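Novice: The structure follows.
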Amino acid sequence: MTKRYMPLFAAALAALTAFAPSVICAQALPAGFSDTLVTAVSGPTTMAFTSDGRILITSQSGALRLYKSGALLPTPALSFDAGTSTVNPKICVVSEAGLLGVAVDPQFAMNKYVYLYYTARNGSDCSGPNYTAANAGDGTPVGTYSAFNRRANRVSRFVLGTVANADIIDPATEVVLVDRMPARGGNHNAGDVHFGKDGYLYISVGDGGTDYNGTSPGSGGGNDASRDTHVLTGKILRITRTGSIPSDNPFIGAASGRCSVTGATTVGNHCQETFAWGLRNPFRFTMDSNATGTRVYINDVGQSGREEVDELQPGADYGWNCREANLVNSTSGLCNPTPLSMVDPVFSYGRTNGQGLDVTNCVSITGGAFVPNGVWPAAYDGKYLIADYGCNSLFMIPTTGVPTAPIATATTFLGPPATTGGATSMSFAPDGSTQALFYTTYGSGGQLRKISYTNTVAITFNSAPSGLRLNVNGALRTTPFAVTTAVGAALSITAPDQNLGSNGYRFSSWSDSGLRTHTYTAPATAATLTATLATGAFVPSLDIDNDGTLDAATDGVLLLRYLLGVRDTALTAGAIGANAERNATTIASYIAALGNALDVDGDASVKAATDGLLVLRYLLNLRGAALISGASATAANAATIEANLQALLP
């Protein structure tokens, strides 16, 4: 995270184990909340959750641990080699470097992909010489960036599960997606990875602690590596699950180049992987589960003046090292003249009481989490939680507005204890029939813990007829089901028109007389809520396999194959969702029944080369000219076709 607060990582791990049980659990939580131990785990940096209920926990030392069925499995899912043997993959565990981030693919149920951010040995001895000296072996001239035989940060995709063991990763499944991000100082590696609702993988990269080129003063506030647009330092990256560049990334024009293989491109150009830049050490960033699209808050660790929270915007420059939050840091070198259009933080705070917080010694922002609406009491809806490692506290700010207006002061959710060992990451995740705030901490030798709201009530949701799907707080589930939530929580509920078997079902009423989509306030005692839907013809929808989700690999492929004349098992082979309600026969019947409802380009016919291709591209998140190029048989423009496709969303 930062040299001035090294106890977070390995250098202080031994000292941390001597402290009393940590941390947040030693404090008085707000009324109705509890903090409990999930499992002990050494040096946990972060965690991710699979759709089948397992928890992946990264240990800085190189072990990917797996928590399953109430216990930490004794054998790591993957063990990175921190030594000098020939075992792969090799890892550098120095200062703050090591195994830092993990993400689970949105289509994990089908592909079993997990993504890891780690500091690769990369042929080096894990020392940190500069990256612009001559490198024997690759012919790079002095002064040109090269991570050859230098430790460097890497993001790779792996497959969880082998034929013999579903809880083990075969190292041979590694596919490197982004490589050779400089890690000269050993600190400021950043290291977070998350998928957005747009289906793309977002990655945070720090400034490397010390400037990769060895210039002086190249550390601390003098490190201007984040200002170098041609190197993967001090940035948020955005790629596809295969490592390709999304068509709407902000830097894909003539003055850009790919950086994922070498870590850099031509001086003066932008890396095409870059989505935003000018960051110091965006150690953790968080996706807003309440947002309809991809909304991201970035927690950027400060130097000596301010910690900051930034809202991610495409192409944004957040100013480091020219400024730290809103404070001027440098007016020389790449900061002369002062860059235009630097984006202000949503919130920042200083070191002493009254500088945005009512707690002192808060010097190192770490985890963040948007409170999912309806999980905790309504007063917490629309709030963002912030963890600070230095003062071992949690704070809360509102998140209204897009982008959010600057916030002057945070509310303390959880004040500092007498011991050390603050949260390194936080995430809301399923916990029984509700959600809890899970967090990792180095305290007490390393732990995964959770904060739960205990004053809860069970709400049973049903439909007439039963077996249909209802949406509660953004989660689509099949009735009947129960949701355990906080008394007084505001639940956003929807009864979508849908299909089941050979019929379509359209919303008629809720038992509480609410509209199709409305807010339901959880009562003090258990209750049942029923949605009634009328039976009729199929509801036109792009959810071809009727699994409740839309994706190109299933729905897009199924429609395209059908329009190409493919039938029976060849129609569905490798292209049907794990929760699909339809088989090859019923999928064919459904598409045939929709007929011209699938005529998205409006030419009075449904064809693979136009409508099928348009649907597939749309589900791949292509828009505008990229959506319709060569695939529209009429003069309909992209906006009209997008509107036609939008009408087919479930």
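Novice: Give the number of residues within the stretch 57-87 that are touching a residue at least 60 places away in the same chain (Cβ under 8 Å) and buried (at least 19 other Cβ atoms within 10 Å of the Cβ).
Specialist: Number satisfying all stated conditions: 7.
Novice: Taking the options ASN353, ASN326, ASN336, name whichever one is open to solvent by 60 Å² or more (accessible area, probe 1.4 Å), modelled with pLDDT under 90 and not hydroxyl-bearing (Ser, Thr, Tyr).
Specialist: That would be ASN353, the only listed residue that is open to solvent by 60 Å² or more (accessible area, probe 1.4 Å), modelled with pLDDT under 90 and not hydroxyl-bearing (Ser, Thr, Tyr).
Novice: Okay, moving on. Within the stretch 266-286, how many residues are in contact with a Ser or Thr (Cβ under 7 Å, 6 or more places away or on another chain) and open to solvent by 20 Å² or more (accessible area, probe 1.4 Å)?
Specialist: 4
Novice: So the check is Cβ under 6 Å with 6+ separation or different chains; which pairs have a first residue in the stretch 444-459 that's aromatic (Phe, Trp, Tyr) and a second one that's not in a helix (DSSP H, G or I)?
Specialist: From residues that are aromatic (Phe, Trp, Tyr), the pairs are TYR453/GLY32; TYR453/PHE33; TYR453/TRP376; TYR453/ALA486.
Novice: Now a separate question. For residues that are at pLDDT below 95 and either within 23 Å of PRO282 (Cβ to Cβ) or not in a loop (DSSP other than H, G, I, E, B) (or both), tally how many sit in the stretch 99-125.
Specialist: Total satisfying the criteria: 7.
Novice: Let me ask you something else. Inside the stretch 253-265, can you point out the residues that are in contact with an Asp or Glu (Cβ under 7 Å, 6 or more places away or on another chain) and open to solvent by 10 Å² or more (accessible area, probe 1.4 Å)?
Specialist: The answer is SER260, VAL261.
Novice: Checking ARG227 against (1) open to solvent by less than 10 Å² (accessible area, probe 1.4 Å); (2) in contact with a Cys (Cβ under 9 Å, 6 or more places away or on another chain), only one condition comes out false. Which one?
Specialist: For ARG227, the failing item is (1).
Novice: State whether one or more residues within the stretch 556-568 are open to solvent by 30 Å² or more (accessible area, probe 1.4 Å), aliphatic (A, V, I, L, M), within 33 Å of the chain's Cα centre (by Cα) and closer than 22 Å to GLN498 by Cβ.
Specialist: Yes, the stretch 556-568 contains a residue that is open to solvent by 30 Å² or more (accessible area, probe 1.4 Å), aliphatic (A, V, I, L, M), within 33 Å of the chain's Cα centre (by Cα) and closer than 22 Å to GLN498 by Cβ.
Novice: Of the conditions (1) of a type in the set (Val, Ile, Thr); (2) outside any loop (DSSP other than H, G, I, E, B); (3) open to solvent by less than 10 Å² (accessible area, probe 1.4 Å), THR233 clears all except one; give me its number.
Specialist: Among (1) of a type in the set (Val, Ile, Thr); (2) outside any loop (DSSP other than H, G, I, E, B); (3) open to solvent by less than 10 Å² (accessible area, probe 1.4 Å), the lone unmet condition for THR233 is (2).
Novice: Among (1) more than 21 Å from the chain's Cα centre (by Cα); (2) of a type outside the set (Asp, Glu); (3) open to solvent by 20 Å² or more (accessible area, probe 1.4 Å), there is one condition ASN111 misses while meeting the rest; what is its number?
Specialist: So the condition that ASN111 fails would be (1).
Novice: Could you please give the count of residues in the stretch 632-645 that are open to solvent by less than 40 Å² (accessible area, probe 1.4 Å) and either at pLDDT below 90 or on the phi > 0 side of the Ramachandran plot (or both)?
Specialist: 3
Novice: Step by step: first the residues of the stretch 163-185, then only those that are over 24 Å from the mean Cα position of the chain (by Cα) and under 30 Å from GLY302 (Cβ atoms), then the one that is least open to solvent (accessible area, probe 1.4 Å). Which residue is that?
Specialist: Among residues in the stretch 163-185 that are over 24 Å from the mean Cα position of the chain (by Cα) and under 30 Å from GLY302 (Cβ atoms), the one least open to solvent (accessible area, probe 1.4 Å) is GLY185.
Novice: Kindly indicate whether ASP611 is under 27 Å from PRO106 (Cα atoms), at pLDDT 90 or above and surrounded by 13 or more Cβ atoms within 10 Å (Cβ to Cβ).
Specialist: Yes, satisfied.
Novice: Would you pick out the residues in the stretch 618-631 that are in a helix (DSSP H, G or I) and open to solvent by 50 Å² or more (accessible area, probe 1.4 Å)?
Specialist: ALA625
Novice: Same structure, new question: Based on what the data block shows, is ALA408 open to solvent by 40 Å² or more (accessible area, probe 1.4 Å), at pLDDT 85 or above and closer than 30 Å to ALA316 by Cα?
Specialist: Yes; evaluated as a whole, the condition is true for this residue.
Novice: Have a look at GLY293, GLY315 and point out the one that is on the phi > 0 side of the Ramachandran plot and open to solvent by 10 Å² or more (accessible area, probe 1.4 Å).
Specialist: GLY315 is the lone residue from the list that is on the phi > 0 side of the Ramachandran plot and open to solvent by 10 Å² or more (accessible area, probe 1.4 Å).
Novice: Now for a separate question. Checking the conditions here, which among VAL359, VAL363 is of a type in the set (A, V, I, L, M, F, W, C) and more than 16 Å from ASP300 (Cα to Cα)?
Specialist: Unique residue meeting the criteria: VAL359.
Novice: Mind telling me which of the residues GLY612, GLY574, GLY595 ends up being assigned to a helix (DSSP H, G or I), without any contact (Cβ under 8 Å) to a residue 60 or more places away in the chain and under 35 Å from the mean Cα position of the chain (by Cα)?
Specialist: GLY612
Novice: I would also like to ask the following. Any idea which of ALA482, ALA436, ALA534 is open to solvent by less than 30 Å² (accessible area, probe 1.4 Å), in a strand (DSSP E or B) and hydrophobic (A, V, I, L, M, F, W, C)?
Specialist: ALA436
Novice: Within the stretch 446-462, is even one residue aliphatic (A, V, I, L, M), in contact with a Phe, Trp or Tyr (Cβ under 9 Å, 6 or more places away or on another chain) and open to solvent by 20 Å² or more (accessible area, probe 1.4 Å)?
Specialist: The answer is no; no qualifying residue exists.
Novice: Moving on to the next point. For the stretch 357-395, give me the residue count where each residue is among the small types (Gly, Ala, Ser), farther than 17 Å from THR484 by Cα and touching a residue at least 40 places away in the same chain (Cβ under 8 Å).
Specialist: 7
Novice: Among the residues of the stretch 46-56, how many are surrounded by 23 or more Cβ atoms within 10 Å (Cβ to Cβ) and among the hydroxyl-bearing types (Ser, Thr, Tyr)?
Specialist: Here the count works out to 1.
Novice: Output the number of the condition that ASP601 fails; it satisfies all remaining conditions of (1) open to solvent by less than 20 Å² (accessible area, probe 1.4 Å); (2) assigned to a helix (DSSP H, G or I); (3) farther than 23 Å from GLN107 by Cβ.
Specialist: Of (1) open to solvent by less than 20 Å² (accessible area, probe 1.4 Å); (2) assigned to a helix (DSSP H, G or I); (3) farther than 23 Å from GLN107 by Cβ, only one is false for ASP601: (2).
Novice: If ASP381 meets every condition in (1) in contact with a Pro (Cβ under 6 Å, 6 or more places away or on another chain); (2) surrounded by fewer than 22 Cβ atoms within 10 Å (Cβ to Cβ); (3) of a type in the set (Asp, Glu) apart from one, which number is that one?
Specialist: The failed condition is (1).
The values are calculated or read from the model by the stated rules, or taken from the named source; none is laboratory data. Since the model is a prediction, treat every value here as computed from it, not as a measurement. Cβ atoms come from the backbone with ideal geometry, glycine included; neighbour counts cover every protein chain shown. Each accessible area value is taken on the protein alone, full model and side chains, heavy atoms only, with ligands, DNA and RNA left out. Shrake-Rupley method; radii C 1.70, N 1.55, O 1.52, S 1.80 Å.
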